[in-house]
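Novice: The structure follows.
The values are calculated or read from the model by the stated rules, or taken from the named source; none is laboratory data. As the structure is a computational prediction, the values presented were derived from the model and not from experiment. Cβ atoms come from the backbone with ideal geometry, glycine included; neighbour counts cover every protein chain shown. Calculation scope for accessible area: heavy atoms of the full protein, side chains included, ligands and nucleic acids excluded. Shrake-Rupley method; radii C 1.70, N 1.55, O 1.52, S 1.80 Å.
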Amino acid sequence: MKLRTLSTWMLRESRGAAGRFAFFVACLAVGVAAVVAVAGLAAGLDEGIRTEARQLLAADLAIEGSHPLPAGFDLAKFLPAGTRRADLREMVTVVAAPPQGGRPGRSQLVQLKVVSGGYPFYGRVETTPNRPLAELLAPETAVVAPELLGALGLKRGDRLKIGGADFRIAGTVAAESDRVSLGAAFGPRVFLAATGLDRAGLIGKGSRVSHRELLALPPGFPPAQLDALAERLRNALPPGRMYRVETYRQAQPELRENLKRVGRFLGLVALLSLFVGGIGVAQSVRAWLAGRLDAIAVLKCLGLRPREVLALYLSQTALLGLAGSLLGILLGAAVQAAIPRLFGDLIPAALIRPWQPGALLRGLLLGVGVALLFSLPPLAGLLRVPPARVLRRDAEPLPVHRATVAVALLALAGGLYALTYAQSASWLQSAQFVGALAGAAGALALASWLVTRAIARLPRFSSVALRHGLGALARPGAATLGAIVALGLGVLTVLSMSLVERRLSRELGRELPVNAPTAFLVDVQPDQWPGVHALLQKAGALKVDSVPVVMARLHSIDGHTVDELTRERGPEGGPDEDRGRRSGEDRGRRSGGDRGDRNERSRRWALGREQRLTYMATLPKDNVVVAGKLWSDPQRAEVSLEKSFAEDLGVGLGSTLAFDIQGVPVDLVVTSLRTVDWSTFGINFYLIVEPGVLETAPQQRLAAVRLAPGSEQRVQDLLAAGYPNVTLLRIREILEKILRVLHRIGLAVRFLGGFTVVSGIAILAGAISAGSVRRGREVALLKTLGMTRRQVATAFAVEYALIGLVAGAIGAASGAFLTWGLITRGFELPWEPEPRTLALSVVGAIVLSIAAGLAASVRSLQRRPIEVLRAE
């Protein structure tokens with residue numbers, strides 16, 4: 001068929017179908033809008049990070065690690081002449097306001113950033129007064145975040161105690177171009193000069209300090225040689241993962257990887273709404289073709305072959321898909337412009353680039369692809385419409401051949417998998433997503449079929465509205481199946497994500513376990529511990545536990561070096577990954593991503609992390625030996641490993657672990673494996689060494705303290721006054737910061753899940769509108785038989801309420817089951833049912849279904865019987 005002929009037939013076939021076409025376009029546009037919003041935001045952030053790479057790194061090249069560069073390492077011999085250098089050190093500490101009335105001033109946990117040299121080489125630090133940071137910083141001055149002034153009741157020019165010295169607040173900092181993070185900050189930022197840090201005296205043995213050496217290469221240095229320079233530095237630095245060398249050309253790889261993971265997850269949630277819109281597309285195409293059977297028979301009588309008829313309607317579907325995708329692109333761009341306002345405190349808006357042609361193209365291709373895929377099964381019936389229908393109106397289409405049905409369904413399944421992979425870039429995640437979607441849709445479709453079968457067998461009710469409402473639900477051509485599947489998927493998505501967030505929020509926000517510590521003390525030097533312990537007792541501490549901590553690096557396992565094992569298990573990560581997992585020493589590890597990738601990341605992390613060792617004769621009560629025996633070999637130095645950590649390392653009983661403790665080698669034999677109940681919030685370690693091995697090693701102490709309610713601030717103030725290097729971490733405060741980030745992510749998921757609900761409501765309303773002619777005749781007949789408009793509306797409301805009830809109940813049950821799996825398997829938390837939330841979800845589905853159905857039936861309800869009868 002020629003293109004001109006095809007266009008002519010398409011135009012003729014579109015006459016009188018504006019309503020169905022509008023419904024088709026609306027269903028598709030909602031899903032495309034969600035996809036474009038997520039893809040555009042993710043791509044925009046990635047582009048922004050790449051574009052602002054130098055500003056985000058504040059240099060051309062940076063060397064980062066948990067230790068300063070090794071003594072004797074001559075960095076200058078690797079650098080070209082004219083290279084500028086700056087040294088950054090970051091740590092968490094406590095600062096305090098001046099004493100008042102003989103009492104310690106109020107204190108605050110902060111993130112201390114010590115700068116020297118020309119920092120930042122690129123970008124800027126916005127300060128008040130508007131002067132370069134280097135001019136504001138001196139040995140006796142500090143620059144602080146504005147929120148610190150409010151927390152401590154200070155103003156510019158006041159004194160601030162940092163460590164063992166007082167500093168004058170010379171200014172405030174409003175923004176830093178190199179400070180971007182998806183996580184929660186421990187506190188306000190405070191800047192010091194290197195000479196100021198020396199005055200403060202905060203650095204002791206074992207202090208947790210992040211070191212960054214920033215390098216600005218001379219102008220004209222070839223970018224192509226930058227990577228080669230970075231590689232030479234990596235080879236020259238000590239092996240392992242103590243240091244990471246990063247160039248601006250890498251553009252914040254850790255941050256971009258985290259954004260990519262979040263984008264994949266949200267992208268799948270958005271894709272679900274597009275697939276639900278696809279159900280509406282299939283329903284619209286089926287209703288449209290049901291009214292075009294006579295026209296299709298005429299086309300065949302005029303000489304069009306079945307495949308040409310199929311091409312005609314498939315081309316029309318593609319054009320409608322294009323129209324819906326274009327509308328969705330416009331809506332998605334509008335949504336994308338509004339999203340940064342919700343997350344501006346997590347990611348600077350300056351990094352977001354709203355114009356993303358790639359995201360628009362993705363939305364266009366996905367929208368058209370979904371339109372074509374979901375229209376294939378109903379379009380397959382065109383092949384079996386008999387030309388004899390022109391002469392015999394009762395000549396129905398012949399049953400579609402099973403092979404044709406199978407091919408259409410396989411094409412649909414394969415296409416869905418391909419589209420999901422295009423969105424997630426993970427074969428496993430795509431298979432899991434499509435499998436879960438098929439299972440949920442199958443369960444909802446089965447429920448719809450069972451409902452219609454059950455209604456047909458119900459006895460006749462005395463209520464006319466109830467009898468007609470139930471009967472209408474089971475009639476041929478009703479919108480039951482598509483509406484229940486679509487609306488049920490929407491309820492499943494929003495409810496499951498909401499339940500997960502609520503459960504995690506409760507876990508983090510609930511009261512701590514009985515006898516659990518309420519704060520941790522870190523960076524306590526051994527000679528300070530007696531005084532700190534006495535201070536805690538005097539302050540009324542209810543319980544104090546303390547253990548020594550020795551920092552070490554794992555050198556080899558059973559004679560195989562960590563470098564060899566890391567090369568066997570894939571590329572190395574960096575210090576950022578280690579810092580991201582450090583909280584796991586006391587809380588256990590989180591889950592996320594594909595299981596294989598997650599296990600591989602866990603192995604690399606376990607091998608390269610800076611190890612914390614402690615020693616004790618007896619284990620805490622929340623530790624249980626599950627293999628071997630504690631301190632059973634008097635001939636060798638022993639170590640006990642937490643079971644999952646041992647699995648990450650790939651070791652078992654009898655394995656020999658060689659550690660490097662500040663240049664001193666120590667060999668330890670694994671003689672026992674333990675399980676740990678991390679939920680007690682007690683002091684727990686992956687590695688516990690037998691007494692008599694590490695007592696003389698450089699160490700510090702870690703303490704867990706249970707304080708009386710409301711006394712944490714007073715204890716922190718006393719510690720800041722007497723032991724300024726000691727940092728008190730309040731568990732409740734940290735959990736609240738994590739909760740705020742979790743709430744923002746949950747808000748984004750529910751927002752995208754709302755698109756799925758809207759798609760389901762649109763499908764119900766569209767299906768009702770598509771049958772408006774039949775509805776009009778039905779209303780006319782019922783009114784002629786004596787029913788009032790109110791009674792007819794009540795009958796319709798019963799029908800729509802039952803659709804909402806089934807969709808809500810099945811969607812809520814499926815969502816609860818999915819949440820149970822995520823909570824108990826993924827996060828390893830006990831399941832807590834929420835019957836009230838489930839009931840509200842069902843009620844909400846019913847209300848939305850009734851509202852959408854009646855709104856779509858208004859025109860039919862307003863028609864007078866005489867108008868319909870005359871038309872007949």
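Novice: Select from region 660-680 the residues that are of a type in the set (Val, Ile, Thr) and touching a Pro at 6+ places or on another chain (Cβ under 8 Å) and write down the one among them that is least open to solvent (accessible area, probe 1.4 Å).
Specialist: Ile661
Novice: Separate question: Looking at region 100-119, is at least one residue more than 27 Å from Phe520 (Cα to Cα), in contact with a Ser or Thr (Cβ under 7 Å, 6 or more places away or on another chain) and either of a type in the set (Val, Ile, Thr) or crowded, with 21+ Cβ neighbours inside 10 Å (or both)?
Specialist: Among the residues of region 100-119, not one is more than 27 Å from Phe520 (Cα to Cα), in contact with a Ser or Thr (Cβ under 7 Å, 6 or more places away or on another chain) and either of a type in the set (Val, Ile, Thr) or crowded, with 21+ Cβ neighbours inside 10 Å (or both), which makes the answer no.
Novice: Output the residues belonging to region 415-456 that are open to solvent by 30 Å² or more (accessible area, probe 1.4 Å) and either closer than 18 Å to Arg362 by Cα or hydroxyl-bearing (Ser, Thr, Tyr) (or both).
Specialist: Tyr417, Ala418, Tyr421, Ala422, Ala425, Thr452
Novice: Those residues that are within 38 Å of the chain's Cα centre (by Cα) and acidic (Asp, Glu), I need them from region 643-685; list them, please.
Specialist: Correct list: Glu647, Asp648, Asp660, Asp677.
Novice: Among the residues of region 59-105, write down those that are out of contact with any helix residue (DSSP H, G or I) (no Cβ under 9 Å at 6 or more places or on another chain) and among the small types (Gly, Ala, Ser).
Specialist: Residues satisfying the conditions are Ala71, Gly72, Ala76, Ala81, Gly82, Ala86, Gly101, Gly102.
Novice: Give the number of residues within region 232-256 that are modelled with pLDDT under 80 and among the charged types (D, E, K, R).
Specialist: Residues meeting the conditions: 4.
Novice: Right, next: Based on this model, can you work out whether Gly153 counts as in contact with a Lys or Arg (Cβ under 8 Å, 6 or more places away or on another chain), in contact (Cβ under 8 Å) with a residue 12 or more places away in the chain and exposed (fewer than 14 other Cβ atoms within 10 Å of the Cβ)?
Specialist: Spelling it out, Gly153 is indeed in contact with a Lys or Arg (Cβ under 8 Å, 6 or more places away or on another chain), in contact (Cβ under 8 Å) with a residue 12 or more places away in the chain and exposed (fewer than 14 other Cβ atoms within 10 Å of the Cβ).
Novice: Something else: Please list, ordered by first then second residue, the pairs with beta carbon atoms under 7 Å, 6 or more apart or interchain, first in region 116-144 and under 30 Å from Arg249 (Cα atoms) and aromatic (Phe, Trp, Tyr), second modelled with pLDDT under 90 and part of a loop (DSSP other than H, G, I, E, B).
Specialist: Short answer, once both residue conditions are applied: Tyr119/Ala58; Phe121/Ala58; Phe121/Ala59; Tyr122/Ala58; Tyr122/Ala59.
Novice: Separate question: Can you name the residue in region 687-718 that is open to solvent by 10 Å² or more (accessible area, probe 1.4 Å) and β-branched (Val, Ile, Thr) and is also farthest from Ala97 (Cα to Cα) among such residues?
Specialist: It comes out as Val693.
Novice: For region 29-134, list the strands (runs of 3 or more DSSP E) that sit wholly inside it and hold at least 1 residues that are within 30 Å of Gln336 (Cα to Cα) and either modelled with pLDDT under 85 or not charged (D, E, K, R) (or both); which are they?
Specialist: The strands (runs of 3 or more DSSP E) meeting that bar are 125-128.
Novice: Please state which of the following conditions Leu259 fails to meet, knowing it meets all the rest: (1) at pLDDT below 70; (2) assigned to a loop (DSSP other than H, G, I, E, B); (3) of a type outside the set (Ser, Thr, Tyr).
Specialist: (2)
Novice: OK, next. Among what's in region 515-541 and is aliphatic (A, V, I, L, M) and farther than 16 Å from Arg714 by Cβ, pick the residue that is surrounded by the fewest Cβ atoms within 10 Å (Cβ to Cβ).
Specialist: Ala516
Novice: Looking at region 417-443 only, could you name the residues that are among the aliphatic types (A, V, I, L, M) and either at pLDDT 80 or above or part of a helix (DSSP H, G or I) (or both)?
Specialist: Ala418, Leu419, Ala422, Leu428, Ala431, Val434, Ala436, Leu437, Ala438, Ala440, Ala441, Ala443
Novice: Which pairs turn up if I take residues in region 531-555 that are of a type in the set (S, T, N, Q) and look for partners that are surrounded by 20 or more Cβ atoms within 10 Å (Cβ to Cβ) with beta carbon separation below 6 Å, at least 6 apart in sequence or on another chain?
Specialist: Hits for this filter: Ser546/Arg701; Ser546/Ala703.
Novice: Note down all Cβ pairs under 8 Å where the first residue falls in region 425-437 and is over 12 Å from Ala413 (Cα atoms), the second is open to solvent by 30 Å² or more (accessible area, probe 1.4 Å) and hydroxyl-bearing (Ser, Thr, Tyr), and they're at least six residues apart or on different chains.
Specialist: These pairs meet every condition: Trp427/Tyr421.
Novice: Just one of Ala801, Ala767, Ala795 is at pLDDT below 70, within 30 Å of Ala445 (Cα to Cα) and in contact with a helix residue (DSSP H, G or I) (Cβ under 7 Å, 6 or more places away or on another chain); which is it?
Specialist: Of Ala801, Ala767, Ala795, the one residue that is at pLDDT below 70, within 30 Å of Ala445 (Cα to Cα) and in contact with a helix residue (DSSP H, G or I) (Cβ under 7 Å, 6 or more places away or on another chain) is Ala767.
Novice: Identify all residues within region 289-316 that are open to solvent by less than 20 Å² (accessible area, probe 1.4 Å) and farther than 14 Å from Val385 by Cα; write none if there are none.
Specialist: Leu312, Gln316 - these are the residues of region 289-316 that are open to solvent by less than 20 Å² (accessible area, probe 1.4 Å) and farther than 14 Å from Val385 by Cα.
Novice: Looking at (1) crowded, with 17+ Cβ neighbours inside 10 Å; (2) at pLDDT below 85; (3) closer than 17 Å to Glu90 by Cβ, which one does Leu192 not meet, given that it meets all the others?
Specialist: Among (1) crowded, with 17+ Cβ neighbours inside 10 Å; (2) at pLDDT below 85; (3) closer than 17 Å to Glu90 by Cβ, Leu192 violates only (2).
Novice: Show the residue pairs that are 6+ apart or on different chains and have beta-carbon atoms under 7 Å apart, the first residue being within region 787-815 and touching a residue at least 40 places away in the same chain (Cβ under 8 Å), the second being not in a helix (DSSP H, G or I).
Specialist: Phe796/Ser857
Novice: Moving on to the next point. Are any of the residues in region 197-206 within 33 Å of the chain's Cα centre (by Cα) and surrounded by 21 or more Cβ atoms within 10 Å (Cβ to Cβ)?
Specialist: Among the residues of region 197-206, not one is within 33 Å of the chain's Cα centre (by Cα) and surrounded by 21 or more Cβ atoms within 10 Å (Cβ to Cβ), which makes the answer no.
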